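Encoded as structure tokens, the structure appears first; notes follow it.
The values are calculated or read from the model by the stated rules, or taken from the named source; none is laboratory data. Treat the numbers as computed from the prediction; the structure is a model and nothing was measured. Every residue, glycine among them, receives a Cβ derived from its backbone with ideal geometry; neighbour counts consider all protein chains shown.
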Amino acid sequence: MSYFTKGGFYGDDEDKSITQQLNSGVRALMLNIFHYKGDVWVCQGCDYEDGYVSQGPALGLFKEVEAFLTSNSYEIVTLILEDRVPAKNTLGKVFDASGLTKYLFPLSKMPLYGEDWPIVKDMVTANQRLVVFSSSKSKQESEGIAYQWNFMVEYKFGSDGRHTNRGRSLKLNNTSKSLVLFNYVNSEQKKKNKNNRSPFDATLAKEINTKDLISTIKMCYTSISKRSPNFIAVDYSKRRDGGAVFEAVDFLNGKLLCGCEDVNSC
């Protein structure tokens, strides 16, 4: 999921604010961050320092996440950061300034070799309800921010990636990593957007989110990974017919909790 914040900063892959997304049921955010003007900025669909679509300081976005966690004391949120912030401790300062540091789930409690994660009740009781992953390997050692590829495997995004892992990820059936990220976005649309410098086609996103999402997850489980995803990444989460994205989450939770096709049947 990408972003749009209440302060007027818009992202090309989502038309709801961070607060609206969280209130609608989104619990994981994929964010591109980079170092600019001595601070951490977020950027989507742009060339970072020369971005044409959307970029802005990360602090306001992080404050929205903090406000949600403060108002919803039983909820857990995950941030998956495409991290281009080279400066040491800069990201930590933004977590401190936004008030998110108090909610961070510690690296020391994360299972390194594919073991089970702590149960939700224990994370809530400890008030450690923000899980953060960074694509920057150095951040794990220098700042205690989990290196994404030490803990998860990820499908390559787009229709050309349904059967393979993203470049830095291990193979999809590798069980030494406990989490699976299913990247269900359209690569051709993203290429078109970048080449033409045009807005993302929300109509196409609606079709993608509606058509075959659950059946694609089933196919990938059966023929590729033998593992169900913990995260589903989509563009425009609310653009769908029949609630397909959230129905897919209900399907996965149903399979996990009671073997049903829908968690509401458990």
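For CYS260, which of the numbered conditions (1) surrounded by 17 or more Cβ atoms within 10 Å (Cβ to Cβ); (2) over 16 Å from the mean Cα position of the chain (by Cα); (3) modelled with pLDDT of 85 or more fails to hold? Going through (1) surrounded by 17 or more Cβ atoms within 10 Å (Cβ to Cβ); (2) over 16 Å from the mean Cα position of the chain (by Cα); (3) modelled with pLDDT of 85 or more one by one, CYS260 breaks only (1).
Of the residues that make up the stretch 219-239, is at least one aromatic (Phe, Trp, Tyr), in a loop (DSSP other than H, G, I, E, B) and modelled with pLDDT of 75 or more?
No, because not a single residue in the stretch 219-239 is aromatic (Phe, Trp, Tyr), in a loop (DSSP other than H, G, I, E, B) and modelled with pLDDT of 75 or more.
Contact map, the stretch 100-122: residues that are free of Cβ contacts under 8 Å to residues at least 60 places away in the same chain paired with residues that are assigned to a loop (DSSP other than H, G, I, E, B) and aliphatic (A, V, I, L, M), Cβ distance under 7 Å, separation 6+ or inter-chain. Pairs shown: VAL120/ILE76. Which of (1) within 18 Å of ARG27 (Cα to Cα); (2) of a type in the set (A, V, I, L, M); (3) surrounded by 14 or more Cβ atoms within 10 Å (Cβ to Cβ) does VAL120 not meet, given it meets every other one? Result: VAL120 fails condition (3) only. Taken residue by residue, the stretch 53-60 has no member that is surrounded by 16 or more Cβ atoms within 10 Å (Cβ to Cβ), under 15 Å from the mean Cα position of the chain (by Cα) and under 27 Å from SER17 (Cα atoms). In the stretch 123-136, of all residues being in contact (Cβ under 8 Å) with a residue 12 or more places away in the chain and surrounded by fewer than 17 Cβ atoms within 10 Å (Cβ to Cβ), the one that is nearest to SER178 (Cα to Cα) corresponds to SER135. Candidates in the stretch 24-52 are the residues that are hydroxyl-bearing (Ser, Thr, Tyr) and at pLDDT below 85; of these, the one that is surrounded by the fewest Cβ atoms within 10 Å (Cβ to Cβ) is TYR52.
Do we find that GLY144 is at pLDDT below 85 and either buried (at least 16 other Cβ atoms within 10 Å of the Cβ) or under 24 Å from PRO86 (Cβ atoms) (or both) in this structure?
Judged against the criteria, GLY144 is not a match.
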